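All remarks here apply to the structure that follows.
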Amino acid sequence: MLNQDTIQRIQELQASGIKNKALTREQLDLIYSNNWFNLWVPKELNGLEIPFPNGLKLLEELAYWDGGLAWTVTLCAGANMFAGFIDPQLSKLVWQDPKVCFGGSGRVGGKAELIDDNYVISGFWSYATGAPHLTHFTLNAEIVENGQVLKNDAGESVYYSLFVPREDVLVHYDWDTFGLECTASHSFSLDKIQVPKSHAFILDPAYKSSDSALFNIPFMPFAELTLLMNYTGMFRRFLDLIEKYYFEKSKDQVWAEKFSKSRFRQIDGLRSEFDTKVQVCKELAGKIWDDVLLNKVGDEDVFAEVGRVSRELAKEIRMNVAELMPLLGIRAAQKENEMNIVIRNLFTASQHSLLNL
């Protein structure tokens, strides 16, 4: 899906993003020019509104060439997808900005008290991917009405998703990891910040505000599959880099006689098993997409299978990387070597709770 000029540009800019510990202006310009943050945004809001399987393919390809950039696109595009659940008139206003970028935290980290027609929000949230370039921060908060935490019929606290303009947010620059450095996934906090009631929304197809089929997809399988594409793209790159390394080592006759057959056989076996399982995930995504196009009620068995196989595949990727790394020589431990960059990105990504078994 990416042309050669775009691929070359992504590769050229990767090191600068790592050094900068945030996406550089050049990387952001590349994203804006391709409208990748609006991958899942309706066309009437100037989004791409790309079919779900095609979007997954793009995310996987981006992750193959630069896991950090792909991770940021995935998380920010996933947050911009909230456009389909926000009041349409408000969405039109917000998406007048061609560089609009939502991002934040999926965890409940604070409270939002309803006072008249506004929510007053306070709390602390971690890991807002792309914090330096976000135009709006998203969060989940317990809802307080009349001084009491709102409860549902089961007695559980009710929480809504909300978004807040950047100028009302205090960013805590605490992202200092050994991989995915350019994602700049800093924490943020709010202290009695007031936003209109219309800034709250519920991420459920029953509450969508757009007719696009994209918003018929429940958020959990959507998040699982989009995140998984980062793992699969990075791991595919890792396998290709290892093969390239083995071909170089095979020029050494001693190494070739001792290791060549077993090492290549191992890689071929891992790749075959990996490709089979990735194909299963993509077929499940295709099934979900076919159903939502027909406005069918989602198949809970398919959603459960997505959760199971995506977590199993992410775990196998982590285990395979750990097994292979000691076979790759000191270059795999050198920070500027692409093999090491991919390893660092994969292990940092593995700390995300969603696909972490």
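The values are calculated or read from the model by the stated rules, or taken from the named source; none is laboratory data. Remember, predicted model here, so these are calculated numbers, not experimental data. Don't worry about glycine lacking a Cβ; one is built from the backbone with ideal geometry, like all the others, and counts go over all protein chains shown. In case anyone asks, the SASA skips ligands and DNA or RNA and just uses the protein heavy atoms, side chains included. Shrake-Rupley method; radii C 1.70, N 1.55, O 1.52, S 1.80 Å.
One table, with the values for the structure above:
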| read-out | value |
| --- | --- |
| 10 Å binning of all Cα-Cα separations within the chain, expressed as whole percents from 0 upward | 5, 24, 32, 24, 10, 4, 1, 0 |
| Under 16 Å from the Cα of LYS151 - aspartates and glutamates, other chains or at least 8 residues apart | GLU113, GLU142 |
| Whole-Hz ³J(HN,Hα) from phi, Karplus 6.51 cos²θ - 1.76 cosθ + 1.60, for region 8-22, glycine and proline x | 4, 5, 4, 5, 4, 8, 4, 4, 5, x, 5, 5, 6, 6, 5 |
| For region 101-108, 3J(HN,Hα) per residue [Karplus equation, 6.51 cos²θ - 1.76 cosθ + 1.60, θ = phi - 60°, Hz, x = Gly/Pro] | 8, 8, x, x, 10, x, 8, 6 |
| Relative packing of peptides 316-326, 36-46 - highest average C-beta neighbours within 10 Å first | 36-46, 316-326 |
| Principal-axis tilt of helix 67-80 within the chain, Cα atoms, nearest 10 degrees | 20 |
| Cross-link partners of LYS92 among aspartates and glutamates (Cα-Cα below 14 Å; sequence separation of 8 or more within a chain) | GLU44 |
| For CYS101, distant residues with modelled amide H under 5 Å away | THR135, HIS136 |
| Helix 25-34 vs. the chain, principal-axis angle (Cα, 0 to 90°, nearest 10) | 80 |
| Solvent-accessible area per residue for region 1-64 (1.4 angstrom probe, square angstrom) | 46 |
| Inter-site label distance for GLN194 and LYS251 at 7 Å from Cα along Cβ, in nm | 7.0 |
| Solvent accessible area, Å² - ILE50, 1.4 Å probe, full protein context | 30 |
| The chain - mean residue ellipticity at 222 nm from DSSP helices (-39,500 (n - 2.57) per run, n ≥ 4, rounded to 500) | -15500 deg cm²/dmol |
| Sequence-distant lysines (8 or more away, or on other chains) whose Cα lies within less than 19 Å of LYS335 | LYS19, LYS21, LYS244 |
| ³J(HN,Hα), Karplus 6.51/-1.76/1.60, whole Hz, each residue of region 303-320, x for Gly, Pro | 4, 5, 5, 4, x, 5, 6, 5, 5, 5, 5, 4, 5, 5, 4, 4, 5, 5 |
| Cα-Cα over 30 Å, subset of LYS99/LYS192; LYS57/LYS249; LYS43/LYS197; LYS43/LYS315 | LYS57/LYS249; LYS43/LYS315 |
| DSSP beta bridge pairing in the chain, given as percent antiparallel to the nearest 5 | 75 |
| Cβ-Cβ FRET estimate between ALA304 and LEU354, R0 fixed at 22 Å, reported to 0.05 | 0.90 |
| Between 0 and 90°, nearest 10: helix 261-293 axis offset from the chain longest Cα axis | 30 |
